[in-house]
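Enquirer: Here it is, the structure, as structure tokens.
The values are calculated or read from the model by the stated rules, or taken from the named source; none is laboratory data. Because the structure is predicted, anything quoted here is derived from the model rather than measured. FYI the Cβ positions are ideal-geometry reconstructions off the backbone, even for glycines, and counts take in every protein chain you see.
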């Protein structure tokens, strides 16, 4: 027992357990749909690769729905990001060494970018 606490003082509340989620949404709004309306909303949410709740939230708050990225596009996105990093490195080298020293590398990289974007 803590000797600094007397019998008259209450014990401090314990702060154990899982911390609260800062993005929790405790407030809710209920919307009722007919069967046809719900199926339409559900189909649109599925085509945007979102849950019905996320689809409705985006539609109400922003007036537009931005679909999530297609998983099939992720490899191409990673490749574009890698090519962008390489291009940035080449530009940095060009500023340091002069433009002529990397002209061949830059042309090869641009050809690769054109092939990737043409697909």
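Enquirer: Looking at residue 61, is it assigned to a helix (DSSP H, G or I) and either in contact (Cβ under 8 Å) with a residue 60 or more places away in the chain or touching a helix residue (DSSP H, G or I) at 6+ places or on another chain (Cβ under 6 Å) (or both)?
Expert: Details: assigned to a helix (DSSP H, G or I): yes; either in contact (Cβ under 8 Å) with a residue 60 or more places away in the chain or touching a helix residue (DSSP H, G or I) at 6+ places or on another chain (Cβ under 6 Å) (or both): no.
Spelling it out, it is not the case that residue 61 is assigned to a helix (DSSP H, G or I) and either in contact (Cβ under 8 Å) with a residue 60 or more places away in the chain or touching a helix residue (DSSP H, G or I) at 6+ places or on another chain (Cβ under 6 Å) (or both).
Enquirer: Does residue 96 meet the test of being surrounded by fewer than 13 Cβ atoms within 10 Å (Cβ to Cβ) and at positive phi?
Expert: Values: surrounded by fewer than 13 Cβ atoms within 10 Å (Cβ to Cβ): yes; at positive phi: no.
So residue 96 fails the test.
Enquirer: Next question, about the same structure. In this structure, is residue 106 within 17 Å of the chain's Cα centre (by Cα) and either in a helix (DSSP H, G or I) or farther than 30 Å from residue 28 by Cβ (or both)?
Expert: Details: within 17 Å of the chain's Cα centre (by Cα): no; either in a helix (DSSP H, G or I) or farther than 30 Å from residue 28 by Cβ (or both): yes.
No, not satisfied.
Enquirer: Among the residues of the range 14-31, is any in a helix (DSSP H, G or I) and modelled with pLDDT of 85 or more?
Expert: Start the filter on the range 14-31 by keeping residues that are in a helix (DSSP H, G or I), which leaves none.
No, every residue in the range 14-31 fails to be in a helix (DSSP H, G or I) and modelled with pLDDT of 85 or more.
Enquirer: If you check residue 79 against the conditions, is it part of a helix (DSSP H, G or I) and either at pLDDT 90 or above or touching a strand residue (DSSP E or B) at 6+ places or on another chain (Cβ under 7 Å) (or both)? Even if it seems obvious, please write down each step before you answer.
Expert: Values: part of a helix (DSSP H, G or I): yes; either at pLDDT 90 or above or touching a strand residue (DSSP E or B) at 6+ places or on another chain (Cβ under 7 Å) (or both): no.
Judged against the criteria, residue 79 is not a match.
Enquirer: Could I ask something else about it? What is the residue count in the range 30-58 for residues that are under 20 Å from the mean Cα position of the chain (by Cα) and touching a residue at least 24 places away in the same chain (Cβ under 8 Å)?
Expert: 1
Enquirer: Every residue in the range 64-76 that is in a helix (DSSP H, G or I) and in contact (Cβ under 8 Å) with a residue 12 or more places away in the chain, please. Before the answer, list the steps.
Expert: First, pick out the residues of the range 64-76 that are in a helix (DSSP H, G or I): 71-76.
Scanning the range 64-76 gives a single hit, 76.
Enquirer: Output the number of the condition that residue 45 fails; it satisfies all remaining conditions of (1) on the phi > 0 side of the Ramachandran plot; (2) in a helix (DSSP H, G or I).
Expert: With (1) on the phi > 0 side of the Ramachandran plot; (2) in a helix (DSSP H, G or I) applied to residue 45, the lone miss is (1).
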